[in-house]
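What follows is a short report on a single structure.
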Amino acid sequence: METIISEFHFLRPLWLLAVPLVWCMVFMLRKKLWQKGDWDKEVESHLLEFLATSPSQHKRKLLPWVMCLAGTLLLLSMAGPVWQKKPQPLIKKSQARVLVLDLSFSMLAADVKPTRIDRVRFKLEDLLNNFSEGETALVGYAGEAFIISPLTHDANTVSALLPGLHPNIMPVPGSRADLGVELASNLLSRSIGSQGHIILVTDGIEESEISAVKNVQVPMNFLYWQSEQKQVHRLLLELVVF
């Protein structure tokens, strides 16, 4: 019992400041609420008690108290009373990751059904469902790289964009993984106080781009498609903690 009392608090305590205002307003209006009609103007107040009265006059006297009680209860509910405190960390965990998605035309290959890009969407949805902390961004690349979603704490926002991703939406054909990784690295550098990493989702990297990708000073993991094995390899989980 003592624990419950000690943990009782309000989520929005500022609403409680309005309680005295409600009481003041009601009592300022109480004379109007207690009026008995035109008799108040014609008969002396000490004689009104001897006049025949209706039961509604008794209810009229109770009305200010009912209004005060109702207003107080309403404000108490709006203040959000709770009996359990959740621990609030002094420092919020701030992890950031950028998904870099290959949107070159090779992702339309149907060596698995329905296509590579469709299977990749399924994998990314599974990943996004496991991201409970930190920020997530999405970059797409073909001949150029573009930010599809900036860093956001709402992984569902990124997930909602996946169905619309298709190589046909990319203005420049190609497969410049180095540009996608570079753009992702720039996004992470602007995320203050975050420990970030890049997840590169691709079916292949040109040899001329491998050195540029390796030189990025950000931890990187791969969801790599190898067509000759006809399977999507798992992320290197020893390097990433979700």
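The values are calculated or read from the model by the stated rules, or taken from the named source; none is laboratory data. Remember, it's a predicted structure, so these values are computed and weren't measured experimentally. In this analysis, Cβ positions are derived from the backbone assuming ideal geometry, glycine residues included, and neighbour counts consider all displayed protein chains.
Do we find that ALA212 is over 18 Å from LEU103 (Cβ atoms) and either small (Gly, Ala, Ser) or modelled with pLDDT of 80 or more (or both) in this structure?
Judged against the criteria, ALA212 is a match.
Looking at the structure I just gave you, is LEU179 farther than 20 Å from ILE117 by Cα and modelled with pLDDT of 90 or more?
No: the conditions fail for LEU179.
Of (1) surrounded by fewer than 20 Cβ atoms within 10 Å (Cβ to Cβ); (2) under 17 Å from ARG121 (Cα atoms); (3) of a type outside the set (D, E, K, R), THR202 satisfies all except one. Which?
The single condition THR202 does not satisfy is (1).
When residues of region 1-45 are filtered for being part of a helix (DSSP H, G or I) and modelled with pLDDT of 55 or more, how many remain?
Residues that pass the stated criteria total 28.
Going by the conditions given, is GLU135 out of contact with any helix residue (DSSP H, G or I) (no Cβ under 8 Å at 6 or more places or on another chain) and buried (at least 18 other Cβ atoms within 10 Å of the Cβ)?
So GLU135 fits the description; yes.
Out of all the residues in region 184-193, is one or more at positive phi and assigned by TED's automatic domain parsing to the domain that holds SER104?
Yes, region 184-193 has at least one match.
Only residues that are buried (at least 17 other Cβ atoms within 10 Å of the Cβ) and not hydrophobic (A, V, I, L, M, F, W, C): list them for region 108-117, please.
Selection gives ARG116 alone.
Results for (1) among the aromatic types (Phe, Trp, Tyr); (2) assigned to a helix (DSSP H, G or I); (3) within 25 Å of the chain's Cα centre (by Cα), shown as yes or no for each residue.
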| site | (1), (2), (3) |
| --- | --- |
| LEU73 | no, yes, no |
| SER77 | no, yes, yes |
| ARG97 | no, no, yes |
| VAL100 | no, no, yes |
| LYS123 | no, yes, yes |
| VAL139 | no, no, yes |
| GLY143 | no, no, no |
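State all residues of region 150-177 that are assigned to a helix (DSSP H, G or I), touching a residue at least 24 places away in the same chain (Cβ under 8 Å) and loosely packed, with under 15 Cβ neighbours inside 10 Å; if no residue qualifies, say none.
Once the filter is applied, which keeps residues that are assigned to a helix (DSSP H, G or I), touching a residue at least 24 places away in the same chain (Cβ under 8 Å) and loosely packed, with under 15 Cβ neighbours inside 10 Å, region 150-177 yields ASN156, PRO163, ILE169.
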